[in-house]
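We did not get these values from a lab; they are worked out from the coordinates using the rules stated. From a predicted model like this one, the values you see are computed outputs, not experimental measurements. All Cβ positions, glycine included, derive from the backbone under ideal geometry; neighbour counts span all protein chains shown.
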Amino acid sequence: MTGIAAPGQGLFVFPAADQTTVSLGPAGHQRLALVPGGAVHAPVTLGCSWFTPGSTSQPLRHDVDEFAYVVSGSGWITDTSGAARAFGAGDGLLIQAGAWHAVRAGPDPVTMVFGFCAGNSPVTDSWADDTPHGSGMAPSWWPAAAVTCLGDLASYRLAGASECIRRIGEALVAVAEAACGTSDLVFDRVAEAGSYFAALKPDTTLYANVAARITRPLAPAESGHDTASVIAERVADIERERRAELDAVEAQAADLVDASGAIVVHDYSSTVMGVARRLAACRGPADFVVTAAEPLGAGPRVARELAGLGHRVTYCADTSVARLLSSACCYLTGVEAFYADGSFANTVGTYGLALQCRELQVPVYAVTERLKGAGPRPAAPSSATLLSRWPQAGLLPEGINVERHVLDLVPAALVRAYVTASGPVPPGQMAAQLQAERTARG
C-alpha cells in the first residue's frame, strides 16, 4: 500500500478501499492498514476491529506487541487459563508478544482500534489450528485436560464420535479429580462441566446424552465412594457398552453392504471406518469413493485411512461425486443425530448427496448407535455457529453474507435403512430405538 500523501506536508491517508478486511467468524471482522517503512521511521500496522454483542473471538497470539484503544462498548480480554480482564470505552490495552488472547464482547457492540510495530502484519498463530487450549470458554479452575478437550471439540479438531466421547469422559474425570470440597460439591462441579460439553452441539444430543449418563444422580450403591472413582467407572461402563454395540453395528453393516460396486463415503465417521476395517479383514479390499467433505475437509483423512486398510480409493470434489454414483453399490454414512420421525442430521453435504442417490437409485444406509437418538426433529440444525474458520480470512470483500452450515437435515424418505446393532431398521421404526435409549438411561 502506498497511501495518498498531502504534497510537501508529510501527511498520508490510507483509503478504506485499499485496506484488507479480515473475518473474525461469528465474532465480527476487522480492517488492516499496512503502513510501509518508507513513510515512517519503523513500519507499523494499524487496524480497527468490530465485535458483535456477546461473542468471543478465536484466541490468537502474535510475534510482536499489540496496542489497542477501546472506542466503544465493553467486555473482557482473556488468556488461555480462562482469566479475564474487563475493559470499557476509553481503555487502552497492551498484549505482549506471544500472549494468547481473545476478546469476549459484552451486551453492546465493541469497536477497538489496534496497532503493531510491524509493517507486513504480524506473524499470528490461531488457536483453532495451533493450540489445544479452549481459551475463554471454560472456568479458570478447570484442569488443562478439560480445557483442551472443550477447545478441540469446539474448533472441530476432533473427528469421529468415538474419539470425541473418549475425550469428554477423560475431561470429566479430570474435573472430578481437580475439584475440591464435599462429594456433593465435586459432583455439582462435574455436572456443571458436563453442561459445557452438552451445549457444544445444541442440535444433536450425542454430547448431551454422554454427559447425562456420566453425571446422573448418584445411586445408593455409589454413595460414600470417591466421586472421581464413580465418574471414572461410569465413563468405563459407557466405553464398554459402546464398544459392544458398535461391534454389532459394524458387523451388521459389513453383511449388508453388497460391495459389487463402490461404497460412497462423505466426511469422517468412526463407525463407517469401523465397517471398512471389518470389510478389509473379512472380505479383502473393496472400492470406495470418498468426497472432499468441504468445508470441514475431512475427506483426505478418510481417503488415507481407507487406503491404509488396503481398499481401492477414488477421491473427488463434493460437486463431482454424481459422476461416480452410477458405479456405486451404496452410500454409507455416519449420523450426528437421528430423530423419532426417521430423519437424521449429519455433516453438511449429506442431504445433497442423498438426493443424488435417490435420483440414481443408490441406497443410503445410515450407521448409528442408540446414544445418537435425539427425540423430535428440529426445523433445521443450526450448529453453523461453531464453524468460524471458513472461508479463508480476507478471501471475500466486506459485506458479503457467508453461510457456515455444519449440519444437514436428511428426511426419512431418502434413507433406505438405519444399520443398528440389531440389524437394518426402516426409518419409520427409529422411534423404538429412541425409546430403548431412554430406557437404558433410566
field: Ascending count of other beta-carbon atoms within 10 Å, so fewest first, for V71, V302
entry: V71, V302
task: For A417, list long-range residues whose amide hydrogen, built 1.01 Å from N in the peptide plane, is under 5 Å from its own amide hydrogen.
output: V364, A366
task: Would you mind checking which residues have amide H under 5 Å from A337's amide H? H placed 1.01 Å from N; only 5 or more apart, or other chain.
output: A345
- line: Ranked from fewest to most other Cβ atoms within 10 Å of their own Cβ, F344, F67, F187 fall in the order F67, F187, F344
statement: Scoring region 144-241 by relative contact order with C-alpha pairs under 8 Å, at least six apart, yields a percentage of 27 percent
- prompt: Using 7 Å Cα-to-Cβ label points, what is the R216/F67 separation (nm, one decimal)?
  reply: 5.9 nm
task: With a point put 7 Å past each Cα toward its Cβ, work out how far Q361 is from N401 in nm, to one decimal.
output: 4.0 nm
- prompt: Which net charge results for the neighbourhood of R358, defined as the other residues with beta-carbon distances under 15 angstrom from its beta-carbon, given Lys and Arg at +1 and Asp and Glu at -1?
  reply: -1
message: Output wanted: per-residue J couplings in Hz (rounded whole) for region 408-417, from phi through Karplus 6.51 cos²θ - 1.76 cosθ + 1.60, θ = phi - 60°, x for Gly and Pro.
response: 10, 9, 9, x, 4, 5, 8, 9, 6, 6
statement: By Cβ neighbour count within 10 Å, fewest first, L185, L150 rank L185, L150
task: Name the residues whose placed amide hydrogens come within less than 5 Å of the amide hydrogen of I263, ignoring near sequence neighbours (fewer than 5 apart) on the same chain.
output: D287, F288, V289, C329
